[in-house]
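Structure, as C-alpha cells:
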C-alpha cells in the first residue's frame with residue numbers, strides 16, 4: 001500500500017476525487033476514492049486512496065415498479081416546481097407565503113424546499 005503525503009495546508013482528502021466520465025451511454029475511466037480514518041490510533045498513515053473500475057457501480061438488479069413510481073413522481077414534482085418558479089403570476093404570492101412560514105418550527109428554510117412542499121401537496 002502506498003503512503004500519501006499531502007502538501008502543506010492539506011490535512012486529508014475524503015470522498016471521490018475523480019469519477020468515471022459518462023459518454024454515449026457508457027462510462028469511461030475509473031473512480032478515484034480517498035478515505036480518511038478518523039478513529040483514534042497510533043498509526044500515522046490514516047489516509048488511503050482506492051481506484052475502482054467504472055463498471056463496479058453498475059446496477060445488477062432491474063428497476064422495480066415501486067422505484068419507477070417514485071422516479072415518475074419526483075420528475076412530476078420537479079417539473080411543477082420549475083414551472084411555478086417561472087410563473088410571474090405566482091411569484092409575489094409564493095414569496096409572501098414563504099416569508100410567513102419560514103420562521104415557524106416546521107417551516108421550510110429555502111424557497112426551493114417550500115415550492116417542493118407546495119407542488120408535492122398540489123399533485124397529491
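The single condition among (1) out of contact with any helix residue (DSSP H, G or I) (no Cβ under 6 Å at 6 or more places or on another chain); (2) surrounded by 13 or more Cβ atoms within 10 Å (Cβ to Cβ); (3) not in a helix (DSSP H, G or I) that residue 107 does not satisfy is (1).
Residue-wise test of (1) modelled with pLDDT of 95 or more; (2) within 22 Å of the chain's Cα centre (by Cα); (3) closer than 30 Å to residue 30 by Cα.
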| residue | (1), (2), (3) |
| --- | --- |
| 57 | no, yes, yes |
| 64 | yes, yes, yes |
| 67 | yes, yes, yes |
| 74 | yes, yes, yes |
| 77 | yes, yes, no |
| 87 | no, no, no |
| 109 | no, yes, no |
| 112 | no, yes, no |
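Within segment 81-98, how many residues are assigned to a helix (DSSP H, G or I) and under 15 Å from residue 116 (Cα atoms)?
Keep residues of segment 81-98 that are assigned to a helix (DSSP H, G or I), which gives 81-85, 91-98.
Going one step further and asking which of them are under 15 Å from residue 116 (Cα atoms), we end up with 81-85, 91, 94-95, 97-98.
Here the count works out to 10.
Residue 48 meets all of the listed conditions (1) surrounded by 12 or more Cβ atoms within 10 Å (Cβ to Cβ); (2) without any contact (Cβ under 8 Å) to a residue 24 or more places away in the chain but one, namely (2).
Every condition in (1) part of a helix (DSSP H, G or I); (2) loosely packed, with under 10 Cβ neighbours inside 10 Å is met by residue 78 except one, and the failing one is (2).
The values are calculated or read from the model by the stated rules, or taken from the named source; none is laboratory data. None of these values were measured; they are calculated from a predicted model. Here the Cβ is made from the backbone with ideal geometry for all residues, glycine too, and neighbour counts use every protein chain on show.
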